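In what follows, a single structure is set out as structure tokens and then discussed.
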Amino acid sequence: MALKLDMSKAYDRVEWGYLQAVMCRMGFANKWINLILKCVTSVKYSIIHSGHIMGPIIPSRGIRQGDPLSTYLFIIFAEGFSALIKKYETYRIIHGCRVANGAPSITQMLFAKNSYLFCQATQSVVDSMNRLLHSFELASGQRVNASRSSIFFSPNSDGVVRTQICSTLGMPEATEGSFYLGLPNIIGRKKTVILGFLKNKIINCINSWDGKFLSRAGKEILLKTVIQSLPTYAMSVFLIPLKICNDIEKLMASFWWKTKSASGQGIIWMSWDRLAVHKDFGGMGFRHLHDFNLAMLAKQGWRLLCSDSSLVSQVFKAKYYPRSDFLNAELA
């Protein structure tokens, strides 16, 4: 099973003493640690209410969201959680998951306040996982938000065991429509349906602009900076179906040619293929979304070629091309 954990008010609950202990354990110099803690602990807040200034409010824990330093501090803070998981794995209290023979065992994937933990779907392991999370909460102040967390089970997990585990952890079982970092957690065969949320996002964006008076230059900026950027992250992970790419391009073309006086879509004077040509050659420089998708995936392929010691490279090699390399891999 996999636990998708969401930490409740993660930045606000950072205990300064725990952060200091982790930095000391990682080997940072005392002078550097004192400078960082001075930045963190010197913060004061004031509240303006009905024209009166209330404060100063002096916090005793937490780091400021939006501060460029806070992101790095939270990564250091999460190192303690990672070390605790590795300790449980070393003592064989929990076991990670392997996608194939020869693949590395994975127990954790951490990203900011969101994290995935992989373990066996047994009651004894779940009890150990509860102790792990409780120990981390006592030391660091971080608390798992059970209502926003969820559990993924492998298809061969028993239904009764699933119910018991969800009850023990107080977390719901994940559904097919759940998302993580803006992308679907579960991808089935019907990719057009699953990835259709990209098209819906773009429709909502374009509809919100319908009542605005926009020049051609304004429309160009909105299309290039907003609409074309929305699917970028998804395109670096998934091969988007051609139908979705074509539908999004049709929506962009319709928005580009439509005028306030037009009752329908307006007159389309030029095809999208010509609009997607570079400006130096008579086009508008819009993207061919399918070609851009392939370029983003090729970038990931280059990483698999050049960083064969990375975790994702080891997992892909064990799963898809154990006896060859990335360029010579064949579809099963």
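The values are calculated or read from the model by the stated rules, or taken from the named source; none is laboratory data. These numbers were taken from a predicted model, which means no experiment stands behind them. Ideal geometry is used to build each Cβ from the backbone, glycine not excepted, and the neighbour counts take in all protein chains shown. To get the accessible areas, we keep the full protein, side chains included, count just its heavy atoms, and leave off ligands, DNA and RNA. Shrake-Rupley method; radii C 1.70, N 1.55, O 1.52, S 1.80 Å.
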Answer yes or no as to whether residue 301 is on the phi > 0 side of the Ramachandran plot and touching a residue at least 24 places away in the same chain (Cβ under 8 Å).
no
Residue 125 passes all but one of the listed conditions (1) part of a helix (DSSP H, G or I); (2) hydrophobic (A, V, I, L, M, F, W, C); (3) free of Cβ contacts under 8 Å to residues at least 24 places away in the same chain; the exception is number (3)
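Conditions tested, residue by residue: (1) at pLDDT 90 or above; (2) under 22 Å from residue 251 (Cα atoms); (3) open to solvent by less than 80 Å² (accessible area, probe 1.4 Å); (4) part of a loop (DSSP other than H, G, I, E, B).
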{"residue": "273", "(1), (2), (3), (4)": "no, yes, no, no"}
{"residue": "277", "(1), (2), (3), (4)": "no, yes, yes, yes"}
{"residue": "291", "(1), (2), (3), (4)": "yes, yes, no, no"}
{"residue": "299", "(1), (2), (3), (4)": "yes, no, no, no"}
{"residue": "309", "(1), (2), (3), (4)": "no, no, no, yes"}
{"residue": "313", "(1), (2), (3), (4)": "yes, no, yes, no"}
By residue number, the members of the stretch 27-55 that are hydroxyl-bearing (Ser, Thr, Tyr), outside any strand (DSSP E or B) and either closer than 22 Å to residue 68 by Cα or modelled with pLDDT of 95 or more (or both) are 41, 42
Subset of the stretch 21-34 (residues that are exposed (fewer than 12 other Cβ atoms within 10 Å of the Cβ) and of a type in the set (A, V, I, L, M, F, W, C)):
29, 32
Within the stretch 315-332, of all residues that are open to solvent by less than 70 Å² (accessible area, probe 1.4 Å) and not in a loop (DSSP other than H, G, I, E, B), the one farthest from residue 108 (Cα to Cα) is 318
I'd like to know if the stretch 231-244 contains one or more residues that are free of Cβ contacts under 8 Å to residues at least 12 places away in the same chain and either of a type in the set (S, T, N, Q) or under 30 Å from residue 116 (Cβ atoms) (or both).
no
